[in-house]
């Protein structure tokens, strides 16, 4: 996983208030041989997708001005 200490802390803080969800990092940040790239997060949540996506993106950017893409899916209705 290619996240530095600042990015990890920012991500932990951005996700700490989300309840009843599972969070996964995916895409190029999982490959230690690659460089650059945005941070892609998948959140499985029953909540309205806009709320956890917006909350996570804003809180992350407050701590770390790095590009983050947040995808939220209902675990019972994957599309």
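Just so you know, all these numbers are worked out from the coordinates, no wet-lab data involved. From a predicted model like this one, the values you see are computed outputs, not experimental measurements.
Does the chain come out rounded, prolate or oblate, given a ≥ b ≥ c as the square roots of the eigenvalues of its C-alpha gyration tensor, rounded meaning a/c under 1.5 and, failing that, prolate meaning a/b above b/c?
Details: a/c = 2.16, a/b = 1.40, b/c = 1.55.
Because a/c hits 1.5 or more and a/b fails to exceed b/c, the chain counts as oblate.
Shape class of region 6-45 from the alpha-carbon gyration tensor: oblate, with a/c at 1.5 or above and b/c at least as large as a/b. Computed from Cα positions, the angle between helix 5-15 and the longest principal axis of the chain comes to roughly 10 degrees. Measuring nothing but how far apart in sequence close Cα pairs (under 8 Å, 6+ apart) lie, relative to its length, the chain scores a relative contact order of 34 percent. Helix 50-63 and the longest principal axis of the Cα set of the chain meet at an angle near 30°.
Work out, step by step, the length gained on full extension between residue 42 and residue 22: first 0.36 nm times the residue separation, then minus their alpha carbon distance; give nm to one decimal.
Details: separation 20, 0.36 × 20 = 7.20 nm, distance 0.81 nm.
That pair, residue 42 and residue 22, stretches by 6.4 nm at full extension.
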